[in-house]
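See structure below.
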């Protein structure tokens, strides 16, 4: 992934592949890249033989809801029976059930659960991950989620980038006054900044949640406090969330399943990255997987993500999402690899440290049980990871009985 990025439009279809390559790592950093023949005359304290396997940068996961309490497996049967989501909400399910569970789950349990999911992500080749709050919907629990993510970053080898998504839904007590709730969330900005709990602020701009004017006002306040901006946008209705993301200079607009033609053109003419979440459409049985193909053709930069969360995309396997991107978004393998490495890194403000193998960068490297880069999206539903190196240290190796 040698383009500095973010990689846009037709450039996403051009991938550099080195044959018979070798990588030199000292401490936590890549210090040399060349051929295996050149490497044979160098002194090394340890040699890892890839044995002809595919080697890539560590995958970057740009959109997750990592910290949450409980789970919602009982809702799957209801959805299959055609029970409307609003009825599931009335039965105590849906996002508000996760909010209650997260509010009632002790800090240590949330941390243990988050570390478990990070282990799963690591074993699937992810080395950097974004984590959103948003299942608190009150001061105490939103801060608890962000504090858990911060401690998880300190305890786990993976790098975590935190996003404050207090404006994820409207709590029942604020259903008639959503702006009062947004004002309450704004009151957390100073504390979050002082304690270094999040780099970005996000909001769910959608029918039945927050309008474009409400989102603009809220995000401008976040920007004044020095936060980077993200937007959950145009997932169900094309309200203009993509256009708002570009207008405000957001680092990313996420979901974008039904973005308008105007929104796509504005995205293509901006530095905002479209983060597409095809696993959500797959899990919910929707027809709209996102307009990624049209975005790239227009000249935009896109990334793809699992949208890991307990309600609409319950997977830590970004490799599976790569297959869905090929089959449902009609992306080429080359475009997919850019979308899960260099562009995903830029979508979370890590474009200068993650998403590529380059001299001077941290050694975040994955060896795959695959002969080439085409194979990963082609052979779907399994874990192809052989070895994961994070900051120069092996953190995962596939176990075998052979």
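The values are calculated or read from the model by the stated rules, or taken from the named source; none is laboratory data. Since we're looking at a predicted model, the values are computed, not measured. Note that each Cβ is placed from the backbone with ideal geometry, even for glycine, and that neighbours are counted across all protein chains shown.
Would you pick out the residues in region 271-290 that are crowded, with 20+ Cβ neighbours inside 10 Å and either free of Cβ contacts under 8 Å to residues at least 24 places away in the same chain or part of a loop (DSSP other than H, G, I, E, B) (or both)?
Of everything in region 271-290, those that are crowded, with 20+ Cβ neighbours inside 10 Å and either free of Cβ contacts under 8 Å to residues at least 24 places away in the same chain or part of a loop (DSSP other than H, G, I, E, B) (or both) turn out to be 272, 277, 289, 290.
Of the residues that make up region 224-244, is at least one in contact with a strand residue (DSSP E or B) (Cβ under 7 Å, 6 or more places away or on another chain), surrounded by fewer than 19 Cβ atoms within 10 Å (Cβ to Cβ) and either closer than 26 Å to residue 311 by Cβ or without any contact (Cβ under 8 Å) to a residue 60 or more places away in the chain (or both)?
No, region 224-244 contains no residue that is in contact with a strand residue (DSSP E or B) (Cβ under 7 Å, 6 or more places away or on another chain), surrounded by fewer than 19 Cβ atoms within 10 Å (Cβ to Cβ) and either closer than 26 Å to residue 311 by Cβ or without any contact (Cβ under 8 Å) to a residue 60 or more places away in the chain (or both).
Looking at region 178-207, which of the residues that are under 22 Å from residue 234 (Cα atoms) and not in a helix (DSSP H, G or I) is farthest from the chain's Cα centre (by Cα)?
207
Spot the failing condition for residue 339; the list is (1) under 28 Å from residue 67 (Cβ atoms); (2) touching a residue at least 12 places away in the same chain (Cβ under 8 Å); (3) over 14 Å from the mean Cα position of the chain (by Cα), and only one is missed.
Of (1) under 28 Å from residue 67 (Cβ atoms); (2) touching a residue at least 12 places away in the same chain (Cβ under 8 Å); (3) over 14 Å from the mean Cα position of the chain (by Cα), only one is false for residue 339: (3).
Okay, residues lined up against (1) in a helix (DSSP H, G or I); (2) farther than 30 Å from residue 51 by Cα; (3) at pLDDT below 95:
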| site | (1), (2), (3) |
| --- | --- |
| 295 | yes, yes, no |
| 316 | no, no, no |
| 321 | yes, no, no |
| 327 | yes, no, no |
| 345 | yes, no, no |
| 349 | no, yes, no |
| 367 | no, no, no |
| 373 | no, no, no |
| 389 | no, no, no |
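Restricting to region 119-138, and then to whatever is over 22 Å from residue 229 (Cβ atoms) and outside any helix (DSSP H, G or I), can you tell me which residue is farthest from the chain's Cα centre (by Cα)?
Within region 119-138, the match that is farthest from the chain's Cα centre (by Cα) is 138.
Of all helices (runs of 4 or more DSSP H) completely enclosed by region 1-118, which ones contain at least 2 residues that are without any contact (Cβ under 8 Å) to a residue 60 or more places away in the chain and surrounded by 12 or more Cβ atoms within 10 Å (Cβ to Cβ)?
Once the helices (runs of 4 or more DSSP H) in region 1-118 are filtered for at least 2 residues that are without any contact (Cβ under 8 Å) to a residue 60 or more places away in the chain and surrounded by 12 or more Cβ atoms within 10 Å (Cβ to Cβ), what remains is 36-39, 85-90, 95-104.
Output the residues belonging to region 297-310 that are surrounded by 23 or more Cβ atoms within 10 Å (Cβ to Cβ) and either modelled with pLDDT under 95 or farther than 28 Å from residue 98 by Cβ (or both).
300, 301, listed by residue number.
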